[in-house]
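Right, one structure below, let's go through it.
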Amino acid sequence: MAELATIARPYAEALFQASRADLSAASQWLDALGAVGADAQLLQFAANPKVSDAQVYGLVSQVAGVSLPVAGQNFLRTVVENDRLSALPEIASQFRALMNAQTGTSDAVVFSAFPISADDLNTVSAALEKRFGRKLTVAVREDTSLIGGIRVVVGDEVLDTSVKARLEQMKVALTA
């Protein structure tokens, strides 16, 4: 994993420097490319020696489903030509970390047993920003194993108010 991070760092830093004018737009298309780059079948297709770089580029840009600006097209061509598709998710992650460091925000993932409405998400987001003391970019993922409540991950900090966590605490208390 350290090797992949080392490979991804110069790409993320170069893209960050080149995209300073509109970091959020670059982040959106880079996240889409990162999701595509995590697909095992696509990586297997790209590794086939009979497949040209142009074919890989076309497939990735089509599957990503986003309109790439000229800088994004050049970036993707460079990644494909240098056989670095597998590094795309890490590049996206490091780019987001650079962007967050500049804007003073953090990414937060809220795991919930049930879907969260937009109004409830705004309320939760405001409470989490107050709790963690910084601006958060909140993403929601559904996890039915939580039974109820939410589990929030911000960097290496975890706030778990789920029913599953409470049941686990009760189990430990009863068996101690």
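The values are calculated or read from the model by the stated rules, or taken from the named source; none is laboratory data. Everything quoted here is computed from the prediction, not taken from an experiment. Ideal geometry is used to build each Cβ from the backbone, glycine not excepted, and the neighbour counts take in all protein chains shown. All accessible areas refer to the heavy atoms of the entire protein, side chains included, with ligands and DNA or RNA removed. Shrake-Rupley method; radii C 1.70, N 1.55, O 1.52, S 1.80 Å.
Brief remarks follow.
- Counting only residues that are surrounded by 13 or more Cβ atoms within 10 Å (Cβ to Cβ) and within 20 Å of the chain's Cα centre (by Cα), segment 44-68 holds 6 of them.
- Residue in segment 129-143 that is small (Gly, Ala, Ser), under 13 Å from residue 110 (Cα atoms) and in contact with a strand residue (DSSP E or B) (Cβ under 6 Å, 6 or more places away or on another chain) present: yes
- Given (1) assigned to a strand (DSSP E or B); (2) open to solvent by 40 Å² or more (accessible area, probe 1.4 Å), index of the condition residue 166 fails: (1)
A quick yes/no check of all residues on (1) in a helix (DSSP H, G or I); (2) at pLDDT 95 or above; (3) out of contact with any Pro (no Cβ under 8 Å at 6 or more places or on another chain):
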position: 63; (1), (2), (3): yes, no, yes
position: 75; (1), (2), (3): yes, yes, yes
position: 88; (1), (2), (3): yes, yes, yes
position: 91; (1), (2), (3): yes, yes, yes
position: 95; (1), (2), (3): yes, yes, yes
position: 111; (1), (2), (3): no, yes, yes
position: 123; (1), (2), (3): yes, yes, yes
position: 151; (1), (2), (3): no, yes, yes
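- For first residues located in segment 12-23 and farther than 22 Å from residue 86 by Cα, partners that are of a type in the set (A, V, I, L, M, F, W, C) and surrounded by 11 or more Cβ atoms within 10 Å (Cβ to Cβ) and lie 6+ apart or on another chain with Cβ distances below 8 Å form the pairs 23/16; 23/99.
- Flag if residue 163 is over 26 Å from residue 94 (Cα atoms) and in contact (Cβ under 8 Å) with a residue 24 or more places away in the chain: yes
- Within segment 138-160, being charged (D, E, K, R), without any contact (Cβ under 8 Å) to a residue 40 or more places away in the chain and within 18 Å of residue 114 (Cα to Cα) holds for 141, 142, 143, 160.
- Residue count, segment 94-111 (criterion: open to solvent by 50 Å² or more (accessible area, probe 1.4 Å) and either free of Cβ contacts under 8 Å to residues at least 12 places away in the same chain or among the aliphatic types (A, V, I, L, M) (or both)): 3
- Residue in segment 125-143 that is most open to solvent (accessible area, probe 1.4 Å), counting only those that are of a type in the set (Asp, Glu) and outside any helix (DSSP H, G or I): 142
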